[in-house]
Structures are given as structure tokens and as C-alpha cells.
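Scroll down for the structure; my scribbles are underneath it.
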Amino acid sequence: MKQQPQCFLLVLSVTITGSVSGSWDMVVHPVVNVSRGEDAVLSCSFSHPQQQWYSGEITVKWSMRESQSRPFFSCSVKNDSMEGFSSCSVSGLKYFLDGDPRRREVSLRIREVQLMDDAEYFCRVELEGWRNSYHEKTELYVRAEPQILSLSVVEKPSNTRSHPRRLQCEVEGHPLPKILWLLASRKLTDNQGDAAQSGLYRLISTVPYLEEEELTCRAESELGGAERTYPPSNRLMVTLSVRGLITVLLLLLLSTGVVVSCLRNR
Ligand SMILES: *[C@@H]1O[C@H](CO)[C@@H](O)[C@H](O)[C@H]1NC(C)=O
């Protein structure tokens, strides 16, 4: 399907100009993997039949999700101009052109990618002349380590037969993590709850919660794991700080003792 218009164009350009040095080509990576928070470079370079002598305008367009969607990044530069393409290289603070369209490099740099940047992108170049354009698809895969977004007790209407009090855990990650519920003994709970997706990269799971119980919600994916315990471990913190205080007091006593005995010995 895609080849047809191209062949048609090729035949046309051969008949019109009588010579042709090749056809359009565009090189992109099918998939670019980047971790959340890092910069991504979607590389894109191209060649076209008239590249030996083309002096006209070069327009670069980057769009997202669908090839026909409105480009979020667009810039034009004349090939025979010496001007800098500063208007091209910066678009807001997020997107930058990486390379010079005059040298047929039109890669896109995306600053500090987030999960919402995870999508298919389309690199498009348009030159002067009838149907003189080409595009190619590249996919940005934003990796995100599992995170616990929240862990809290929710009250369910008491007319349901299940426990009215439930512990609810929401996690995020890409790939989507799985949720495990652990007892204080680190054993898995009998009821692992049902997890439901609450967003493209989010999952919610709830389990029955009895008073005074200590439960840990753990999110796991191939990128790692994260966990949070309910109730938040205040008790542990208190014992730790009490112990810390006692140690400090003991040390103080000891050192005053040393000082005193030193003074006496003088
Ligand atoms: C711009 O001109 C240079 C020099 O003539 C040529 O090498 C290059 O391929 C041209 N760029 C495009 C996009 O045609």
C-alpha cells in the first residue's frame, strides 16, 4: 500500500527530470527506551532524490500518536541560507532539534521524559514541490520503576458482606508492576485482593483489613520493587529514638566521668 505513491512519484520524477539519484529514505530507531526523568533523543535522518542540488525550504514536523495529528514541533529553514536555525532548535523548554536539517538530520531531543511522553512519534520532512514529503514512525518507551502512590484504609458501605474496612494500595510503574500483600512475617496474605487498573500505568488493589494488623503493600516489576507498610511504623521510630536518646545520655555520663576523673588526677 505504502509503496504505491512512492513508485508513482519515482516514475514521475524520472519522466520530468530524466535523472534520479534514488528515492526518499528515512532512518529512525523503531523503539527508543529511556528511564523516566532522563532526556530522550528520537533520532531521525533522511535522504531524498534531489539532495545533491536542493536549495529550497526544508520543513521538519514531529507529531505524536497519529501520523496525521497536529505537529507539536515544527520548523522550517532554507537549505541555501546560512542563518542559524535557532527558531527551530528550541520549542518551549521541552523539545529541541538535535542536528541540522540542512545536513538532513532532524532528530528530536525531549527533556526529562515523563510517563505522559510514552507514545508513538512521527518524524516528517516536507520539501518544496508536489507531494514532496516523507515520514517514519518511532516509539518512545518510558521506563518507570514501581512506586507506591498511596496506602490507606477505606470504609466500604457495611451492607456488603465483605469486610467493611479495607486497605487500599495504589501503585505506578511502566511496565505495570504487580501488587503483593505481605504479613508482618513477610509471608503472603491468604487474600491477595483484586488488582484493577486505575490509569495507563496505575493499579489499585484492596484487601480486607482488621484492626491492629500490620500489612505491607509491595509493587514489583522487572525494574525493581517498592513497598509501604500500614500502619506507618511510628512505634518502631519511637523505640528507635528512645534507644538513641539513652545511648546519648550514657555517652554524656561517661564523658563527664572521664573529665571529672582527669581533673581530680591533676
Ligand atoms: C542542502 O544542500 C547541501 C549542499 O548542496 C546538500 O548536501 C544537502 O543534501 C541539502 N539538504 C537537503 C535537505 O536537501
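The values are calculated or read from the model by the stated rules, or taken from the named source; none is laboratory data. Predicted, not measured: the structure shown is a model, and the values here were computed from it. A quick note on method: Cβ atoms are made from the backbone with ideal geometry, for glycine too, and the neighbour counts reach across all protein chains shown. Please note that ligands, DNA and RNA were not included when accessible areas were found on the heavy atoms of the full protein model with its side chains. Shrake-Rupley method; radii C 1.70, N 1.55, O 1.52, S 1.80 Å.
Here are a few things to note about the model shown:
- Note on the stretch 51-74: residues that are surrounded by fewer than 18 Cβ atoms within 10 Å (Cβ to Cβ) and in a loop (DSSP other than H, G, I, E, B) total 13.
- Scan of the stretch 110-122 for residues that are open to solvent by less than 20 Å² (accessible area, probe 1.4 Å) and not in a strand (DSSP E or B), ordered by number: V113, L115, D117
- Complete set of residues in the stretch 38-68 that are of a type in the set (V, I, T) and within 13 Å of the ligand (Cβ to nearest atom): I58, T59, V60
- The stretch 27-49: number of residues that are out of contact with any helix residue (DSSP H, G or I) (no Cβ under 8 Å at 6 or more places or on another chain), open to solvent by less than 50 Å² (accessible area, probe 1.4 Å) and farther than 15 Å from D100 by Cα: 6
- Members of the stretch 91-108 found to be in contact with a strand residue (DSSP E or B) (Cβ under 7 Å, 6 or more places away or on another chain) and open to solvent by 40 Å² or more (accessible area, probe 1.4 Å), listed by number: K94, F96, D98, R102, R104, E105
- Test: residue in the stretch 159-166 that is within 30 Å of E220 (Cα to Cα), at pLDDT 95 or above and either more than 16 Å from the ligand (Cβ to nearest atom) or touching an Asp or Glu at 6+ places or on another chain (Cβ under 9 Å) (or both): no
Residues are listed down the side, and each one gets a yes or a no for (1) within 16 Å of the ligand (Cβ to nearest atom); (2) in a strand (DSSP E or B):
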{"site": "L97", "(1), (2)": "yes, yes"}
{"site": "R124", "(1), (2)": "yes, yes"}
{"site": "G129", "(1), (2)": "yes, no"}
{"site": "Y134", "(1), (2)": "yes, yes"}
{"site": "T138", "(1), (2)": "no, yes"}
{"site": "V142", "(1), (2)": "no, yes"}
{"site": "P146", "(1), (2)": "no, yes"}
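- Cβ pairs under 7 Å, 6+ apart, first in the stretch 192-214 and without any contact (Cβ under 8 Å) to a residue 60 or more places away in the chain, second charged (D, E, K, R) and open to solvent by less than 30 Å² (accessible area, probe 1.4 Å): R202/E172
- Just one of (1) surrounded by fewer than 14 Cβ atoms within 10 Å (Cβ to Cβ); (2) modelled with pLDDT under 95; (3) not charged (D, E, K, R) fails for G224. It is (2).
- Sub-6 Å Cβ pairs linking a first residue in the stretch 53-74 that is more than 16 Å from S107 (Cα to Cα) to a second residue that is near the ligand (Cβ under 10 Å from one of its atoms) and part of a loop (DSSP other than H, G, I, E, B), at least 6 apart or interchain, are Y54/N79; S55/N79; S55/D80, ordered by first then second residue.
- From the list T247, T229, the one residue that fits, being at pLDDT 75 or above and surrounded by fewer than 17 Cβ atoms within 10 Å (Cβ to Cβ), is T229.
- Filter pass, L115 being of a type outside the set (K, R), out of contact with any Ser or Thr (no Cβ under 7 Å at 6 or more places or on another chain) and under 18 Å from S133 (Cβ atoms): no
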